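Here you go, one structure.
The values are calculated or read from the model by the stated rules, or taken from the named source; none is laboratory data. Being a predicted model, the structure only gives us computed values, none of them experimental. Cβ sites come from the backbone with ideal geometry, for glycine too, and all protein chains shown count toward neighbours. All accessible areas refer to the heavy atoms of the entire protein, side chains included, with ligands and DNA or RNA removed. Shrake-Rupley method; radii C 1.70, N 1.55, O 1.52, S 1.80 Å.
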There are 2 protein chains.
Amino acid sequence: MKKSLGAKTIVYPTPVFIVGTYDKDGRPNAMNAAWAGICCSVPPCLAISLRQATYTYGNIIEQKAFTVSIPSRDFIREADYFGIASGRTEDKFSHTGLTPVKSDLVHAPYVQEFPLVLECQLLHTLEIGLHTLFVGEIKDVKAEESILDQDGKPDIEKIKPLIFSPTSLTYYGIGEYLGQAFSLGKEIKARS
Amino acid sequence: MKKSLGAKTIVYPTPVFIVGTYDKDGRPNAMNAAWAGICCSVPPCLAISLRQATYTYGNIIEQKAFTVSIPSRDFIREADYFGIASGRTEDKFSHTGLTPVKSDLVHAPYVQEFPLVLECQLLHTLEIGLHTLFVGEIKDVKAEESILDQDGKPDIEKIKPLIFSPTSLTYYGIGEYLGQAFSLGKEIKARS
């Protein structure tokens, strides 16, 4: 028997994505987004949802572009700060000491020190309510060599990304390897 | 200097959500979705992206409703199976031995044995490409008492949800507690 908790935004995991944009004067900004995820394989697209009140919202509307930089756990303080301060009143790159790098594919900056970045061109905007969903087409993914596995693919265990728990407002790391997808379930399938 | 990996759907973490629907004959189905996430706080909404070829796609178009059941790691085999088989040819609930429970709020079934479930009414449909994004308004969240903390909130450490790595196609658990959000970054903010 399950207990009703009401109509709330409770799921696990949610990600910690740092969204990079330029404002109309070309100043780089970065904010923290957990309401986000991949939303299409072809073309490869990512969705992020932002409140209209954020500085980043206006920047995306203006520039039609954004990046997502994925912090490793080494940058947990900087990632959290990006979600506390507003680019309207603070130069967040300057305060963290992190480096904005202009994407050569879209008009948006990414975080040089973070191990994995995605460069996105705005494809769709969907007003939902308090949040607006932005679909960005992923034009490229760039990674530090140090987080690639022997096949040249990013390795989640080397990236050490953050996980956000929206109920406790806490961060977690990636845990232990539990098995291979499209494989563990084969035993059940074989019963058919 | 970062290495370009091309335009690909690479982010970490992605979730393991089991999407529950009824087909036009009222038969329950469940599938595995990793292209998903929260997309609005008010009204509380969740986005899941599905290929048009899936059985679940047609069910959502028909019923305008779906659930998301979040498996604990104890159900990793069942969760993986839901992503291998198709409801067009198999009764997935029957094969797993899991129990479909009809939501009393929307016309869709959830997985009784999973610790946390969300009941969603279809609010928006956005065709992107290979995948279509469905925005569901969360009408209720239901949880097993055993996964609630002392304040009555779901506890990620008790739920033990799965994480999916889209590059290695592997599952991971939740790792160690790393700190409090909207707090760790205050030291950097104080520098301003």
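Restricting to region A:108-146, count the residues that are at the interface with chain B (Cβ under 7 Å from one of its Cβ atoms), over 18 Å from A:Ala65 (Cβ atoms) and open to solvent by 10 Å² or more (accessible area, probe 1.4 Å).
Qualifying residue count, region A:108-146: 6.
Now for a separate question. So, in region B:32-57, of the ones that are touching a helix residue (DSSP H, G or I) at 6+ places or on another chain (Cβ under 8 Å) and touching a residue at least 60 places away in the same chain (Cβ under 8 Å), which residue ends up nearest to the other protein chains (Cβ to nearest Cβ)?
B:Arg51
Are there any pairs with C-beta distances below 6 angstrom linking a residue in region A:123-151 that is under 22 Å from A:Ser103 (Cβ atoms) to a residue that is among the aliphatic types (A, V, I, L, M) and open to solvent by 50 Å² or more (accessible area, probe 1.4 Å), with the two at least 6 apart or on different chains, and if so which?
A:Val135/A:Leu123; A:Glu137/A:Leu123; A:Ile138/B:Ala7; A:Lys139/A:Leu105; A:Lys139/B:Ala7; A:Asp140/A:Leu105; A:Asp140/B:Ala7
For every residue, the table says whether it meets (1) modelled with pLDDT of 95 or more; (2) under 28 Å from B:Ser86 (Cβ atoms); (3) assigned to a strand (DSSP E or B); (4) among the small types (Gly, Ala, Ser).
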site: A:Val135; (1), (2), (3), (4): yes, yes, yes, no
site: A:Ile138; (1), (2), (3), (4): yes, yes, yes, no
site: A:Val141; (1), (2), (3), (4): yes, no, yes, no
site: A:Glu176; (1), (2), (3), (4): yes, no, yes, no
site: A:Lys189; (1), (2), (3), (4): no, yes, no, no
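How about region A:77-130: which of its residues are among the aliphatic types (A, V, I, L, M), touching a strand residue (DSSP E or B) at 6+ places or on another chain (Cβ under 7 Å) and part of a loop (DSSP other than H, G, I, E, B)? Walk me through it before giving the result.
Start the filter on region A:77-130 by keeping residues that are among the aliphatic types (A, V, I, L, M), which leaves A:79, A:84-85, A:98, A:101, A:105-106, A:108, A:111, A:116-118, A:122-123, A:126, A:128, A:130.
Then keep just the ones that are touching a strand residue (DSSP E or B) at 6+ places or on another chain (Cβ under 7 Å); that gives A:79, A:98, A:101, A:105-106, A:108, A:111, A:116-118, A:122-123, A:126, A:128, A:130.
Selection gives A:Leu98, A:Leu105, A:Val106, A:Ala108, A:Ile128, A:Leu130.
Give region B:147-163 a look and list any residue that's in contact with a Pro (Cβ under 7 Å, 6 or more places away or on another chain) and either open to solvent by 30 Å² or more (accessible area, probe 1.4 Å) or outside any loop (DSSP other than H, G, I, E, B) (or both), or say none.
Quick first cut of region B:147-163, residues in contact with a Pro (Cβ under 7 Å, 6 or more places away or on another chain) only: B:147-148, B:159, B:161-163.
Those that are in contact with a Pro (Cβ under 7 Å, 6 or more places away or on another chain) and either open to solvent by 30 Å² or more (accessible area, probe 1.4 Å) or outside any loop (DSSP other than H, G, I, E, B) (or both): B:Ile147, B:Leu148, B:Ile159, B:Pro161, B:Ile163.
Within region B:75-101, which residues are out of contact with any helix residue (DSSP H, G or I) (no Cβ under 7 Å at 6 or more places or on another chain) and either within 15 Å of B:Val19 (Cβ to Cβ) or surrounded by 15 or more Cβ atoms within 10 Å (Cβ to Cβ) (or both)?
Listed by number, the residues that qualify are B:Phe75, B:Ile76, B:Ala79, B:Asp80, B:Gly83, B:Glu90, B:Phe93, B:Val101.
Test B:Glu157 against the stated conditions and say whether it is among the acidic types (Asp, Glu) and over 22 Å from B:Ala47 (Cα atoms).
On the way: among the acidic types (Asp, Glu): yes; over 22 Å from B:Ala47 (Cα atoms): yes.
So B:Glu157 fits the description; yes.
Which residue is nearest to B:Leu123 (Cα to Cα), if the candidates are limited to region B:1-31 and must be of a type in the set (Lys, Arg) and touching a residue at least 24 places away in the same chain (Cβ under 8 Å)? Write out each step before concluding.
We begin by selecting, within region B:1-31, every residue of a type in the set (Lys, Arg); these are B:2-3, B:8, B:24, B:27.
Subset that is touching a residue at least 24 places away in the same chain (Cβ under 8 Å): B:24, B:27.
Working: B:Lys24: 19, B:Arg27: 23 Å.
That would be B:Lys24.
Restrict the check to region B:180-187 and report whether at least one residue is part of a strand (DSSP E or B), facing chain A (nearest Cβ under 7 Å) and open to solvent by 20 Å² or more (accessible area, probe 1.4 Å).
At the first step, the residues of region B:180-187 found to be part of a strand (DSSP E or B) are B:180.
Remaining after also requiring facing chain A (nearest Cβ under 7 Å): B:180.
Applying the additional criterion that residues be open to solvent by 20 Å² or more (accessible area, probe 1.4 Å) yields B:180.
There is at least one residue in region B:180-187 that is part of a strand (DSSP E or B), facing chain A (nearest Cβ under 7 Å) and open to solvent by 20 Å² or more (accessible area, probe 1.4 Å).
Go through region B:41-55 and give me each residue that's within 14 Å of B:Thr14 (Cβ to Cβ) and not aliphatic (A, V, I, L, M).
Correct list: B:Ser49 only.
Please verify whether B:Ile60 is among the aliphatic types (A, V, I, L, M), under 19 Å from A:Ile188 (Cβ atoms) and either open to solvent by less than 20 Å² (accessible area, probe 1.4 Å) or within 9 Å of chain A (Cβ to nearest Cβ) (or both), treating the condition exactly as stated. Reasoning before the result, please.
Numbers: among the aliphatic types (A, V, I, L, M): yes; under 19 Å from A:Ile188 (Cβ atoms): no; either open to solvent by less than 20 Å² (accessible area, probe 1.4 Å) or within 9 Å of chain A (Cβ to nearest Cβ) (or both): yes.
So B:Ile60 does not fit the description; no.
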